[in-house]
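The values are calculated or read from the model by the stated rules, or taken from the named source; none is laboratory data. In this text the structure is predicted, and so the values were computed from the model without any measurement. Cβ: placed from backbone, ideal geometry, glycine included. Neighbour counts: every protein chain shown.
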Amino acid sequence: MNSTKIEPFDMRPNPNVNEKDIDALNLREYLIETKIYKEDQPVESYISDTTRIAELVPPLCARKSLDGSLCLKNFALLMFGRKESMYLHFEYVFSVVSFYNGTDRSDPTGKRYEITGTVLEQAKKLLSMIDTLTYINFDKESDKPNKEKFSRVALQEAIINAIVHRDYQLHEPVRITAFSDRIEIYSPGALHWGVDKDEFISGLSGPKWRNQSFAYLFNKLKLTQSEGQGIPTIIRSMKAEGCPAPVFNLGVNSVTCILYAGK
């Protein structure tokens, strides 16, 4: 029996990129935002195979076995890499946002946007669109005239989950599709092998990450809930907004979260 441990994709060294492919400004901004940055420690000191930017995150680099030179790990390139370097090796890592006035894709006036950049930049751009996605229903006859059509908290959690837990080896983008009655958040990659489907759908599954480094780095920014709390948060916040329960479609190579509008 082969007992060789397969290193998770996000933490694998990528021999095709080196320390010059890191965008130091992106890295510095993250360190400042998470209060990790120290004035007496240059940003470049974190671009190594020994220094960690956080306790539970491995070093950004590794040493090649052949010549001992530095190369980046996949998560470092996807989170902090130069845009041109990232897309040279991961041209399919982007997100698509589509808007339709009706309840299906036959609407000829649908709008489509491609969101590019590092994984972190994409997440921030998508979150900036939440106001558009969760637009307010101004109903003067309602006892809640300013009620959101969709749960903002649920949508944020679903978007971040789609980015953090997607399979970055699949050549597909994250897709967020807004219809008049629902929003569908499509994430490439099947449910993690260690997660029970029924427990996942009911919000009872324990923490299990496909990309642990992304999960921790996003959590430090407070963009996502702590371990294992994403799905329960979506379920709870949809109920609190008076919206139907979320629907999770678990495909062979995808996970789709569907958030229906409240009445």
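Out of LYS83, LYS125, one residue alone is of a type outside the set (Val, Ile, Thr) and touching a strand residue (DSSP E or B) at 6+ places or on another chain (Cβ under 6 Å). It is LYS125. Number of residues in region 208-263 that are modelled with pLDDT under 90, outside any helix (DSSP H, G or I) and under 15 Å from ARG166 (Cα atoms) equals 5.
Show me the strands (runs of 3 or more DSSP E) found entirely inside region 1-117 where at least 2 residues are free of Cβ contacts under 8 Å to residues at least 40 places away in the same chain, in the same structural domain as THR177 (by TED's automatic domain parsing) and not β-branched (Val, Ile, Thr).
Numbers: elements: 61-63, 70-73, 95-99, 111-115.
Filter on region 1-117 gives 111-115.
Within region 217-259, how many residues turn out to be among the acidic types (Asp, Glu) and either surrounded by 20 or more Cβ atoms within 10 Å (Cβ to Cβ) or more than 16 Å from the chain's Cα centre (by Cα) (or both)? Outline the logic, then answer.
Within region 217-259, the subset among the acidic types (Asp, Glu) is 227, 241.
Still in the running and either surrounded by 20 or more Cβ atoms within 10 Å (Cβ to Cβ) or more than 16 Å from the chain's Cα centre (by Cα) (or both): 241.
Looking only at that region, the number is 1.
Of all residues in region 191-204, those that are in a loop (DSSP other than H, G, I, E, B) have Cβ atoms under 6 Å from Cβ atoms of residues that are surrounded by 12 or more Cβ atoms within 10 Å (Cβ to Cβ) and modelled with pLDDT of 75 or more, 6 or more apart or on another chain, in LEU191/LEU250; LEU191/VAL255; HIS192/ARG210; GLY203/ILE231; GLY203/PRO232; GLY203/ILE235. The residues of region 118-130 that are farther than 20 Å from PHE80 by Cα and either among the aromatic types (Phe, Trp, Tyr) or not in a helix (DSSP H, G or I) (or both) amount to a single one, MET129.
Here VAL96 clears all of (1) aliphatic (A, V, I, L, M); (2) buried (at least 16 other Cβ atoms within 10 Å of the Cβ); (3) modelled with pLDDT of 95 or more except the condition numbered (2).
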